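A short worksheet on the structure shown next.
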Amino acid sequence: GENVEQHPSTLSVQEGDSAVIKCTYSDSASNYFPWYKQELGKGPQLIIDIRSNVGEKKDQRIAVTLNKTAKHFSLHITETQPEDSAVYFCALEDAGNMLTFGGGTRLMVKP
Amino acid sequence: NAGVTQTPKFRVLKTGQSMTLLCAQDMNHEYMYWYRQDPGMGLRLIHYSVGEGTTAKGEVPDGYNVSRLKKQNFLLGLESAAPSQTSVYFCASSPQRYEQYFGPGTRLTVT
């Protein structure tokens, strides 16, 4: 099946700094790329997604970029705040129309 | 709306015991999913359903069975629990293929 590699596995930033998480994949047929945020003890929550006909999408402090040629997509969080601390998962829709998830990134924002 | 709810929140089983996890959604979604989450491995799809009365295997279906007798409910069964099934189980639903809404999870320990 599809393989999604997510880096880094942990990321520590100072409040106010930017954070970038990157995912690479192998299936060129993928067309849907969501990002989920999981807070401690809760289920994942969709925060932003991008379709293959768009290279970049922004929603306030978060943005996602997609490079289909290089087969990678990234999550960018600017002006990080302590409440951004969570585990972030990238995902993509595979050939069977199901989501395949990356291994997750634990983001810690230090006040 | 309660969204997606899961019952129970925690459970401890002995090897060989059986149990059923219940997922309920009140958003009238067609698609429902069961995932397991293990450390460093993201979420892996166990089984899914594209509508009432239908089920299909995901990436890791062995040792699990599911049923979708009512549109709002999706049951995950373990007939003979094994320690390898110790995990956190998440249910999700979606109106169509894309955006998935997750429940709060069930933490299962098999001793």
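The values are calculated or read from the model by the stated rules, or taken from the named source; none is laboratory data. Here the structure is a predicted model, which is why all the values come from computation and not from measurement. Reconstructed Cβ throughout: ideal geometry from the backbone, glycine too, with neighbour counts over all protein chains shown. The area values use the complete protein model at the heavy-atom level, side chains included, leaving out ligands, DNA and RNA. Shrake-Rupley method; radii C 1.70, N 1.55, O 1.52, S 1.80 Å.
With the highest mean first, a sort of the peptides A:86-97, A:31-42, B:75-86 on other beta-carbon atoms found within 10 angstrom per residue produces A:86-97, A:31-42, B:75-86.
Packing around the peptides B:2-15, B:93-106, taken as the average count of other Cβ atoms within 10 Å per residue, puts them in this order, highest first: B:93-106, B:2-15. Per residue, the accessible area of chain A comes to 48 Å², computed with a 1.4 Å probe over protein heavy atoms only. Averaged over the residues of peptide A:101-107, the number of Cβ atoms from other protein chains lying within 10 Å of each residue's Cβ is 3.
Per residue of A:81-94, other chain Cβ atoms within 10 Å of the residue Cβ number 1 on average. In chain B, the portion of solvent-accessible area held by carbon and sulfur atoms comes to 50 percent [1.4 Å probe, whole percent, DNA, RNA and ligands not counted]. In order along the stretch A:36-53, the Karplus-derived 3J(HN,Hα) couplings, from 6.51 cos²θ - 1.76 cosθ + 1.60 at θ = phi - 60°, round to 10, 10, 10, 8, 4, x, 10, x, x, 10, 5, 10, 6, 9, 9, 9, 5, 8 Hz, and Gly and Pro are given as x. Dividing the Cα radius of gyration of chain B by 2.2 N^0.38 Å, with N the residue count, gives 0.99.
With a cut-off of 12 Å between beta carbons, the residues surrounding B:MET27 carry a summed charge of -2, where Lys and Arg count +1 and Asp and Glu -1. For the residues of A:31-41, the average number of beta carbons from a partner chain within 10 Å of their own beta carbon is 2.
Rounded to the nearest 20, the size of the Cβ-charge dipole of chain A about its Cα centre is 80 debye, with Lys and Arg at +1 and Asp and Glu at -1. Among beta bridges identified by DSSP and lying wholly in chain A, the antiparallel ones come to about 90 percent. In the full protein context, chain B carries 48 Å² of accessible surface per residue, based on a 1.4 Å probe and ignoring ligands, DNA and RNA.
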